[in-house]
Amino acid sequence: FSTAFMPSGLRGNSALQMALAPGQTPIVIGLAADSGCGKSTFMRRVTSTFGGDVCGPLGGGFANGGWETNTLVSDIATVICLDDYHLNDRNGRKVSGLTALNTAEQKFDLMYEHVKALKEGKTVMKPIYNHVNGTLDAPEEIEPTPVIIIEGLHPFHDERVRDLIDFSLYLDISPDVKLNWKIQRDMEERGHSLESIMASIEARKPDFDAFIEPQKKYADYVIEVLPTDLDKEDKKTLKVRAIQKKGVPDFSPAYLFDEGSEIEWTPSADKLSSPPPGIKLAYRQEKYFGNDVAVLEMDGNFDNIQELVYVESNIGNSNSRFYGEITQAMLSLADSPGSNNGTGLMQTLAAFAIRELYNKKTAAAKLAANKETAVAA
Ligand SMILES: Nc1ncnc2c1ncn2[C@@H]1O[C@H](COP(=O)(O)OP(=O)(O)OP(=O)(O)O)[C@@H](O)[C@H]1O
Ligand SMILES: O=C(CO)[C@H](O)[C@H](O)COP(=O)(O)O
């Protein structure tokens with residue numbers, strides 16, 4: 001359930017929140033990506049896994065013709081958009097001459113204090129960056145929930161914040177794909193011209209390279225989105241790689257058929273009715289910034305999401321609760337971008353991995369609390 005898209009007078013999240021179990025501390029999930037790279041779309045998959053509302057945009061909504069809070073609350077998960085920690089408002093950045101991508105334009109001390117306090121089970125007063133007016137609005141109260149997700153430009157830049165994060169994700173969208181997605185949203189949905197979109201991407205590139213991309217080396221789970229290899233002329237179909245770090249506590253990378261192996265798999269055309277160029281999956285063991293990673297890859301589109309169930313039957317460590325749950329989750333968000341390709345699949349697997357992390361931490365906290373009760377008795 002979400003309060004994020006109610007008229008502000010009706011908002012107020014305290015009654016909806018699930019109390020933390022005794023001894024339980026929230027887990028903190030970090031998601032980094034440039035603007036327009038699918039953070040909100042991905043967050044919708046994660047929050048729906050935790051029972052959140054999936055009706056509106058996240059990370060800065062334009063509901064009701066006006067600005068709504070950046071924070072979405074379900075009974076388990078809270079999403080905090082780190083744009084709220086911009087140092088200056090839009091006018092202030094004109095004076096400083098710096099872009100919002102620049103780390104000098106973020107309040108990392110406050111970000112750290114807030115994430116630390118939430119992790120300690122305390123309430124914080126979080127600022128709000130208003131994307132409609134470009135102003136810093138009156139702060140809002142955020143109470144801790146069992147899962148706190150911080151998403152935005154710089155979740156892994158500050159070492160203190162990074163150390164508080166239990167699981168970190170990065171959306172790595174290749175330049176061609178980023179341009180296509182921007183065109184789709186900003187031209188088709190927001191009426192911007194192609195020239196202005198290209199100019200904005202070009203203007204952001206140096207700061208993106210300097211301040212955002214270097215964070216991907218810290219991520220436990222990188223979703224890399226590239227143009228397809230199946231047909232060089234095809235600009236729309238995507239190849240998606242989930243780069244999963246090995247050895248992360250409470251996280252076991254998903255695999256295809258045989259854990260630890262190298263596999264390339266083109267599912268039988270009799271089992272999937274995907275149109276040419278079809279789909280191709282792969283599973284590889286690689287190094288990523290010096291770390292051992294398991295890479296799950298999918299290139300191409302599903303013609304019919306229900307056929308995903310056949311692919312799902314061959315994925316291990318998927319963290320699904322029952323056979324078919326991945327397909328069901330994709331079907332429940334069928335209208336969201338990426339539901340017929342690897343972006344939706346890898347995002348769903350990441351969402352399930354986060355849920356598993358939460359389940360394991362909750363179980364460990366309950367066990368510890370039971371032990372304490374037994375000792376006290
Ligand atoms: N998996 C996907 N497949 C195809 N298009 C996508 C996908 N994810 C996102 N997009 C496109 O990119 C646009 C931006 O996505 P989204 O709003 O989720 O990004 P964001 O990172 O939250 O952006 P911002 O930070 O600017 O709010 C969407 O409107 C959609 O057109
Ligand atoms: O990169 C961004 C994160 O979404 C925005 O550009 C940044 O937050 C500034 O926002 P605005 O352009 O609305 O003033």
Checklist entry - Counting alpha carbon pairs within less than 8 Å and at least 6 residues apart, what relative contact order, in whole percent, applies to the range 194-349? => result 22
Next on the checklist: Expected output is a single nm value to one decimal: the length gained when fully extending between GLU195 and GLU159, i.e. 0.36 nm times separation in residues minus the C-alpha distance. What is it?
Outcome noted: 9.2 nm
Checklist outcome for this item: Once both label points are put 7 Å beyond Cα along the C-beta direction, the ILE263-ALA334 separation in nm becomes 2.8
Item to check | Highest-MSF residue in the chain out of ASP270, ASP75, ASP207 [GNM, Cα springs under 10 Å] | outcome: ASP270
Item to check | Value at 222 nm in deg cm²/dmol, rounded to 500, when DSSP H runs of n ≥ 4 in the chain each add -39,500 (n - 2.57) | outcome: -8500 deg cm²/dmol
Item to check | Packing rank of 315-322, 293-300, 361-368, where each peptide gets the mean count of other beta carbons within 10 Å, highest leading | outcome: 293-300, 315-322, 361-368
Checklist entry - Carbon and sulfur atoms: what percent of the 1.4 Å accessible area of the range 247-377 do they account for? => result 50
Checklist entry - How much length is gained on full extension from ALA364 to GLU286, taking 0.36 nm per residue of separation minus their Cα-Cα distance? => result 24.9 nm
Next on the checklist: Roughly how far apart, in whole Å, are the Cα centres of the range 137-213 and the range 252-315?
Outcome noted: 27
Next on the checklist: I'd like to check one number: the per residue accessible area of the chain, probe 1.4 Å, reported in Å² as a whole number.
Outcome noted: 44
Checklist entry - Over the range 138-229, what is the relative contact order in whole percent, taking alpha-carbon pairs under 8 Å and six or more residues apart? => result 46
Checklist entry - How long is the gain from ALA374 to THR103 if the chain were fully straight, where each residue apart is worth 0.36 nm and the alpha carbon distance is subtracted? => result 92.7 nm
Checklist outcome for this item: At R0 = 41 Å the Cβ-Cβ FRET efficiency linking ASP234 and GLU141, nearest 0.05, sits at 0.25
Item to check | Computed over the range 81-216: relative contact order in percent, which uses C-alpha pairs under 8 Å that are six or more apart | outcome: 26
Checklist outcome for this item: The local net charge around VAL295, scoring Lys/Arg +1 and Asp/Glu -1 for residues other than VAL295 whose Cβ lies under 9 Å from its Cβ, equals -1
Checklist entry - With the Cα gyration tensor of the chain giving a ≥ b ≥ c as the square roots of its eigenvalues, does the rule (a/c under 1.5 for rounded; else a/b larger than b/c for prolate; else oblate) give rounded, prolate or oblate? => result oblate
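The values are calculated or read from the model by the stated rules, or taken from the named source; none is laboratory data. The structure presented is a predicted model; accordingly, all values stated were derived computationally and were not measured. Glycine also receives a Cβ, built like all others from the backbone with ideal geometry; neighbour counts cover every protein chain displayed. Surface accessibility is based on the protein's heavy atoms, side chains included, excluding ligands, DNA and RNA. Shrake-Rupley method; radii C 1.70, N 1.55, O 1.52, S 1.80 Å.
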